[in-house]
Amino acid sequence: MMQKYTDLELQVKSVNYRKSLLKYIKMANTGHTGGSLSCTDILNVLYNDVLNVSPEKFSDKNRDRYIQSKGHSVESLYVVLADQGFFPESDLETICKFQSKYVGHPTRKVNGIEFNTGALGHGLSISAGIALAAKKDNVDYKVYTLLGDGELAEGSNWEAAMMAAHYKLDNLVAILDHNTLQISGRNRDVCSPYPIDEKFEAFGWSVISVDGNSIPELREVFKKIPSEHEKPTLIIANTVKGKGVSFMEDVAKWHHGVPSDEQYALAMNELDHQYEKLISM
Amino acid sequence: MTLQTLNIGKANLEIFSATLMELAEKDRNILAVTSDSRGSGKLVPFGVKFPDQLVEVGIAEQNLVGVAAGLASAGKKVFAVSPACFLTTRSLEQIKNDVAYSNQPVTLVGISAGVSYGALGSTHHSLHDVAVLRAINNIRIVIPADNFETREAILAASESNKPIYLKFGKKAMPNLPRTQEKFEIGKASTICEGDDIAFIACGETVAPAYEAARILEGRGIGAEVISMHTINPLDKEAIIRIATKCKAVITVEEHCVNGGLGEACASLLMQEKLFIPFKIVGFPDEETITGSQTEIFNYYGISGEGLCQSALKLLDM
Ligand SMILES: Cc1ncc(C[n+]2csc(CCOP(=O)(O)OP(=O)(O)O)c2C)c(N)n1
Ligand SMILES: [Mg+2]
């Protein structure tokens, strides 16, 4: 299949997505900044290269599904959906404003969103249910869900992990935004989820690790799915929380946080430099 | 006189964390159990000062409540702290079986309650918690109105050997007047007296009810305001006394109108044959709109002006 975009074009898109999401977080004066920046490249590759979805196909029963279990990173999802043409980007000026449908967590009121999420630990079960329906109907769409690493503490993930392997849901792909941070600090200090790969393997999953902020690596990995016959796949995407803005990178307090005017200008400046560097390549 | 003349205190949440610090200093058995919620619970300094008294379970609210029950059964004084929306939904079975039914003296602290996370959407609202917990035997429900009631409620919880659910928001609250500087779980507080209409409110809706009373006073209407900080057990005597004295009653709550304070009062009044004009102000059974807590309150008429209008209508004025 011909690829719609080159790696470079997608890298440019990531920079633009990051700029946009920061802009709307700044306008809303609230937002989950760090986690939105860490998963930007994942959403970019999913929507521009992997998922068989578009505004036209959104009511097609055979479309691929994307369920954002870590719903708090809604800003990156909104920005990517706007870029796909699900709604005009200017709508996002109302994020979190009174009576706006662009609520601070994914809601089906917004075109392109499959499921209402925001309470952690629901997405994997929902996705397993959709994947099971595909098996029953003998259709070949895939179901992708994005999990946070802190989110893995929710027991429901492990209930779903066990069941998905039992039903041989090789059409289910969980992507872990492995940025190693949650609100209170490092996952390993808060309540360690490790070893993540061995746990999922023991539950009967196929596990692949990838640099989750590398467009080419992400693109390669998604081509290989399912990597093992009759097994659900976990992609451990090693990311940096706050990716793209030096002073937000790998800093827990940027989980949620709105940049000051000065910080905002600095962040935009850094992203502009990244853009210029890319287009001069 | 409007609320502006009342002195604005701190967020009840801050009073909670400060009071818990004090208690923890004196009693090493006091534990805060958190689910990646120490920041939202303003408990970061607590964790730094008393690292052995903070138990972190990760983002796992069911585990949070189960672990809290286990710790309590082994003699610890446990405060399980998590956003009210997750604490009373995700962990409901643990609350019912491990805490209430097993009678473990856990204090469940629901932070950022009601629509404190108004713009974050329905996943983050807790407008159901009173209804579900009222239907569970052996758990007291306490919703303090201001800093005074919050501190007193925390102190009372720490001395109690029974399950209790406390909830509050994160906005700074005015320090309300009251006829008696006294707090007792299960005994309502009178904020101000009046004979024409009574507002029975709880939590962060007491302040707007008080504001409405001040506006009504300006129009020659006497309004009584009650802080019904304890929803379970309900202070029946206070409700009967007010309904006998006033011409009409309005209940106000940051909760769905189904199953909350209003219905608890209505049920009591009916069964006591006290048939007076009555209105429940709260959140209707519809998808809650989003915005800031204040914007949402105003929209549903939980404001001085909105409640004043409800009162005039109920009194046919
Ligand atoms: C059930 C539930 N509990 C708690 C929260 C509050 N919360 C929102 S984000 C978050 C931390 C998430 O950390 P992680 O999963 O690592 O996400 P990321 O680092 O990708 O932002 C928490 C505790 C929630 N949304 N849902
Ligand atoms: Mg994380």
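Things to note:
- Packing order of peptides A:88-101, B:300-313, highest average first: B:300-313, A:88-101 (average count of other Cβ atoms within 10 Å over each peptide's residues).
- Segment B:288-303 and segment A:202-259 have Cα centres spaced 38 Å apart.
- Against chain A, whose longest principal axis is taken from its Cα atoms, helix A:7-28 shows a tilt of about 70°.
- Other residues with beta-carbon under 12 Å from the beta-carbon of residue B:87 carry, at +1 per Lys or Arg and -1 per Asp or Glu, a net charge of 0.
- Euclidean distance of C-alpha centroids, segment B:226-284 and segment B:151-190, integer Å: 19 Å
- Heavy-atom surface of the protein assembly as shown, accessible at 1.4 Å and reported per residue (Å²): 39 Å²
- Percent accessible area from carbon and sulfur atoms, segment A:7-279, protein chains only, probe 1.4 Å: 49 percent
- Peptide B:60-66 is shielded by partner chain Cβ atoms: per residue, an average of 4 of them sit within 10 Å of its Cβ.
- Fraction of the pair-distance distribution of chain B above 31 Å, Cα-Cα pairs, percent: 26 percent
- Dipole orientation for segment A:7-279: of the candidates A:213, A:10, A:87, A:87 has the Cα lying most toward the positive pole (charges on Cβ; Lys, Arg +1; Asp, Glu -1).
- Loop-located trypsin sites (Lys or Arg not before Pro) in segment B:178-208, at most 15 other Cβ atoms within 10 Å (DSSP): B:182
- Interface residues of segment A:148-172, defined as those losing at least 30 Å² of solvent-accessible heavy-atom surface relative to the isolated chain (probe radius 1.4 Å), are listed as A:153, A:154.
- Net +/- balance of residues flanking residue B:128 in space, Cβ distance below 14 Å, scoring K and R +1, D and E -1: -4
- Relative pair counts by distance (%), Cα atoms of segment A:1-100, 5 Å bins: 2, 13, 23, 24, 21, 12, 5, 1, 0
- Pairwise centroid distance, computed over Cα atoms, of segment A:111-145 with segment A:1-62, Å: 19 Å
- Test item: Cα-centred dipole of segment B:29-112, Lys/Arg +1 and Asp/Glu -1 on Cβ, debye: 220 debye
- At an R0 of 56 angstrom, the distance between the Cβ atoms of residue A:8 and residue B:155 translates into a FRET efficiency of 0.35.
- The 1.4 Å probe gives accessible areas that order A:67, B:240, largest first, as B:240, A:67.
- For segment A:135-281, Kirkwood radius (reciprocal of mean inverse C-alpha pair distance, Å): 17.1 Å
- Sulfur and carbon atoms: percent of accessible area, chain B [1.4 Å]: 50 percent
- In degrees, nearest ten, helix B:12-26 long axis to first principal axis of chain B (Cα): 40 degrees
- Extreme residue, positive dipole direction of the protein assembly as shown, given options B:58, B:158, A:145 (C-beta unit charges): B:158
- Ranked from largest, the principal axis spans of the Cα set of segment B:246-296 equal 40, 20, 12 Å.
- At R0 = 25 Å, FRET efficiency that the Cβ-Cβ distance of residue B:28 and residue A:192 yields, to 0.05: 0.45
- In the A-B interface, the accessible area buried, summed over both sides, Å² (probe 1.4 Å): 1900 Å²
- Bins of 20 Å, starting at 0 and running to the largest distance - Cα pair percent for the protein assembly as shown: 20, 48, 27, 4, 0
- The trypsin sites (Lys or Arg not before Pro) found in segment B:9-44 that occupy coil by DSSP, while having at most 12 further C-beta atoms within 10 Å, are B:28.
- Bins of 5 Å from zero: percent of alpha-carbon pairs in segment A:237-281: 5, 21, 25, 23, 15, 8, 2
- Net charge dipole, the protein assembly as shown: roughly 680 debye, given to the nearest 20, about the Cα centre with Cβ charges of +1 for Lys and Arg and -1 for Asp and Glu.
- Net charge of Cβ neighbours under 13 Å - reference residue B:68; Lys, Arg +1; Asp, Glu -1: -1
- Interface residues of segment B:101-142, defined as those with an accessible-area decrease of at least 50 Å² between the chain by itself and the complete set of protein chains (probe 1.4 Å), are B:119, B:120, B:123.
- Angle in degrees between helix A:74-83 and the longest Cα principal axis of chain A, rounded to the nearest 10: 90 degrees
- When Rg and the Kirkwood Rh are both derived from Cα coordinates, the Rg/Rh ratio for segment A:164-247 amounts to 1.02.
- When DSSP beta bridges are restricted to pairs lying wholly in the protein assembly as shown, around 15% turn out antiparallel.
- Structural size metrics of segment B:8-173, computed from C-alpha coordinates, are Rg and Dmax of 14.1, 40 Å.
- Segment A:162-219: relative contact order in percent, alpha carbon pairs under 8 Å with at least 6 residues between: 28 percent
- Largest-first ellipsoid semi-axes for segment B:177-314, taking √(5λ) over the Cα gyration tensor eigenvalues, angstrom: 21, 17, 15
- Convex hull (Cα only) mean projected area of segment A:7-279, reported in nm² to one decimal: 13.3 nm²
- Label-point separation, residue A:251 to residue A:60 (7 Å along Cα→Cβ), nm: 4.4 nm
The values are calculated or read from the model by the stated rules, or taken from the named source; none is laboratory data. Note that the structure is a prediction, hence the values are computed from the model and not measured. Please note: Cβ atoms are built from the backbone with ideal geometry, for glycine as well, and neighbour counts cover all protein chains shown. Accessible surface areas use protein heavy atoms only, side chains included; no ligands, DNA or RNA. Shrake-Rupley method; radii C 1.70, N 1.55, O 1.52, S 1.80 Å.
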